[in-house]
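**Q** First the structure, then my questions, so here it is.
Where a number appears in this text, it was derived from the coordinates with a stated rule and is not lab data. Model, not experiment: these values are computed from the prediction. As a convention, Cβ positions derive from the backbone with ideal geometry for all residues, glycine included, and neighbour counts pool all protein chains shown.
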Amino acid sequence: MSGAPAVPLSAPALGDLERRYLLEAFDSGWISGTGPFVRLFEERLASRAERAHAVSVNSGTAALEAVLQALGVAAGDEVIVPALTFAAPAAAVLNLRASPVLCDIDPVAWTLDPVAAGKLVTPRTRAVIAVDLLGHPADFDALADLGVPVIEDAAQAHGAAYRGRPAGTHGVASVFSFHANKAVSTGEGGCVVTDDGELARRVRLIANHAMTPDRPYRHDMPGRNLRMTNLTAAIGAAQVERWDELVSARNAVAAQYTELLAGCAARPRPAAPWADPSCWLFAVTSRDRDAVVAHMADEGIDARAIWPPLSELPLYAGRAPIPCPVAAEVSATTLWLPTWAHMPRHDIRRVAGALRSALAAGA
Ligand SMILES: *Cc1c(COP(=O)(O)O)cnc(C)c1O
């Protein structure tokens, strides 16, 4: 097969509102990261995420790095991260010259196993990054008992809830990504949300050249420029206005997949009783995962195998003090089906049909 797949993995949901705000920002001539749409975007994010403060940055990874640095994470420190995740949380720790400590996941929630995490806490542990994997929140009450600051990575979890409390409200701070394939998107972008005013102030300082706010050009540490542009924030302000619609449109796709795949040998991912997940990419498990993905690729469908466990990448080898068998099992059997807001019904049917025929072909 060549060229773009007939059914892509993901597609953004941009419309008239995004176009209108973007043109407004463009026409205003204010394109840098200090413009009015940045402030509007942050106000809307804070209120949406039910947090006192939101600081926008230019990626979810930048948000993770800024919040880790703001918490004082530095060389010699350890940060516990799940063994199965997109690599950004572990990379953020390495970029601060600290040590990511890989921890296994729970077999139902697929998020950090609090019991395993408890065994990994040492006097050098400075934080835990709990990823709400594929829109399923982590077990934050159990993680709070570890006595270590928890950072919630809600990059994949816009609209999810843990025991009735929305993703983005857990731990000392939460991070969102607005990458193009995330539920709420600005192309590239991210933010830190927190109720801790001092932490928010430090994140903003780090992201803004470490320039003392009331004393221009005074820098007390080497800062970075992680700011989001006013143009990007204009798209973001529109997307946050559409938050509920975007989340429910994705969940509606998941509901259709669930219905179409009833009784199928490929099982939807499980969910813990305390979770109210939202769908990022619809995930199913199959013993024959690789053959299924190959069969679907032949039919022009961009279904994909989930990430390898980080502990299997040479970069992170030796960083799991305790084996992570659940992460390995989930990683070996899970694939994502194409998922985006307002994905047409005929595409959903086509994907479900291809999955069934892949399994019937003995894939
Ligand atoms: C997408 C993602 C990130 C990184 O976000 P970027 O905006 O792509 O830098 C971090 N963590 C998780 C879990 C993600 O899925």
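**Q** Name the single residue, out of those in segment 184-214 being assigned to a loop (DSSP other than H, G, I, E, B) and within 11 Å of the ligand (Cβ to nearest atom), that is surrounded by the most Cβ atoms within 10 Å (Cβ to Cβ).
**A** Thr186
**Q** Could you say which residue among Leu40, Leu14 is within 23 Å of the chain's Cα centre (by Cα), within 30 Å of His346 (Cβ to Cβ) and surrounded by fewer than 21 Cβ atoms within 10 Å (Cβ to Cβ)?
**A** Going through Leu40, Leu14 in turn, the sole match is Leu14.
**Q** For residues in segment 74-88 being aliphatic (A, V, I, L, M) and more than 16 Å from the ligand (Cβ to nearest atom), which is surrounded by the fewest Cβ atoms within 10 Å (Cβ to Cβ)?
**A** Ala75
**Q** Let me ask you something else. When segment 314-333 is examined, which residues are found to be over 21 Å from Arg287 (Cα atoms) and touching a helix residue (DSSP H, G or I) at 6+ places or on another chain (Cβ under 9 Å)?
**A** Matches in segment 314-333: Leu315, Tyr316, Ala317, Gly318, Arg319, Ala320, Pro321, Ile322, Pro323.
**Q** Have a look at Ser59, Ser32, Ser10 and point out the one that is out of contact with any helix residue (DSSP H, G or I) (no Cβ under 9 Å at 6 or more places or on another chain) and of a type outside the set (Lys, Arg).
**A** Ser10 is the lone residue from the list that is out of contact with any helix residue (DSSP H, G or I) (no Cβ under 9 Å at 6 or more places or on another chain) and of a type outside the set (Lys, Arg).
**Q** Sort out for me the helices (runs of 4 or more DSSP H) sitting completely within segment 50-121 that have 3 or more residues that are more than 28 Å from Met228 (Cα to Cα).
**A** 114-120
**Q** Taking the criterion of being of a type in the set (Ser, Thr, Tyr) and closer than 27 Å to Pro277 by Cα, would at least one residue in segment 227-245 satisfy it?
**A** Within segment 227-245, not a single residue is of a type in the set (Ser, Thr, Tyr) and closer than 27 Å to Pro277 by Cα.
**Q** Give all pairs with beta carbons closer than 6 Å in which a residue from segment 90-102 that is in contact (Cβ under 8 Å) with a residue 40 or more places away in the chain meets a residue that is of a type in the set (D, E, K, R); count only pairs at least 6 apart in sequence or on separate chains.
**A** That search, which allows pairs on different chains as well, returns Ser99/Glu78; Pro100/Arg319; Val101/Glu78; Leu102/Arg319.
**Q** (1) crowded, with 21+ Cβ neighbours inside 10 Å; (2) under 24 Å from Val253 (Cα atoms); (3) away from the ligand (no atom under 16 Å from the Cβ): which one isn't true of Ala161, the others all being true?
**A** It is condition (1) that Ala161 fails.
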